[in-house]
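**Q** Structure below; questions to follow.
The numbers here are math on the coordinates, done by the rules we state, and not lab data. Computed from a prediction, not measured in an experiment: that's the story for all the values here. Counting neighbours? That spans all protein chains shown, and the Cβs are built from the backbone with ideal geometry, glycine included.
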Amino acid sequence: MEGEHEEQEQEQEHEVYGGEIPEDGEMDGDTVMAATEEDASAKELEDMKKRLKEIEEEAGALREMQAKVEKEMGVVQDPSNATQASKEEVDSRSVYVGNVDYACTPEEVQQHFQSCGTVNRVTILTDKFGQPKGFAYVEFLEVDAVQNAVLLNESELHSRQLKVSAKRTNIPGMKQYRGRRPNPLIASRIRRPFVPPVYSPYGYG
């Protein structure tokens with residue numbers, strides 16, 4: 001009786017945990033396939049990580065090499081600073097020439113200032129219609145030529161007195177000062193004439 005009772009308990013236990021127990025051969029085959037797939041996925045993931053790491057290392061090496069080459073060649077990192085420095089250097093060799101006759105040519109301006117030094121460039125400013133604005137910039141090769149050119153202030157060209165001064169460098173972000181436009185309300189108060197009050201003779205007595 002006891003043996004039969006134990007066999008019944010074992011059968012019930014098997015039913016609770018999923019019925020029949022698979023044969024040893026079938027379980028081994030499924031386990032091997034699952035393990036093979038997991039190994040392949042893990043290996044592929046590992047290869048991807050390895051390739052990504054190699055790419056990052058190559059990119060880092062290229063950045064270091066580029067920085068080294070730029071440093072050796074003296075390349076300025078900020079192009080805006082380089083442009084500003086170059087502009088300041090050119091302006092230090094240039095003068096502003098005002099009251100220039102509209103019919104005056106760059107060649108005539110160059111001849112007028114050639115005794116001061118070697119003239120590199122003459123720029124006569126024009127408006128959007130191509131008409132001269134009446135002033136020009138003269139760029140010399142030598143910085144000392146600016147002092148000589150300033151001495152020609154009030155000299156005549158085309159019977160007009162020129163206004164010569166050293167060129168000023170415009171700093172980016174700094175607008176030239178222009179007088180504020182008057183507030184129309186305040187201006188009307190200021191310009192309003194004083195009118196004395198008129199007293200009616202009928203207001204007294």
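**Q** Contour minus end-to-end for residue 165 and residue 44, with contour as 0.36 nm per residue of separation and end-to-end as the Cα-Cα distance?
**A** Numbers: separation 121, 0.36 × 121 = 43.56 nm, distance 7.45 nm.
Contour length minus Cα-Cα distance gives 36.1 nm.
**Q** Let me ask another. Of 55, 124, how do they rank once you tally other Cβ atoms within 10 Å and put the fewest first? Before the final figure, lay out each step's value.
**A** Working: 55 10, 124 18.
In order of increasing Cβ crowding within 10 Å: 55, 124.
**Q** Assuming a ≥ b ≥ c are the square roots of the Cα gyration tensor eigenvalues, decide whether the stretch 84-166 counts as rounded (a/c under 1.5), prolate (otherwise, with a/b larger than b/c) or oblate. Could you put the intermediate results ahead of the total?
**A** Numbers: a/c = 1.91, a/b = 1.23, b/c = 1.55.
Oblate is the answer for the stretch 84-166, as a/c is 1.5 or above yet b/c matches or exceeds a/b.
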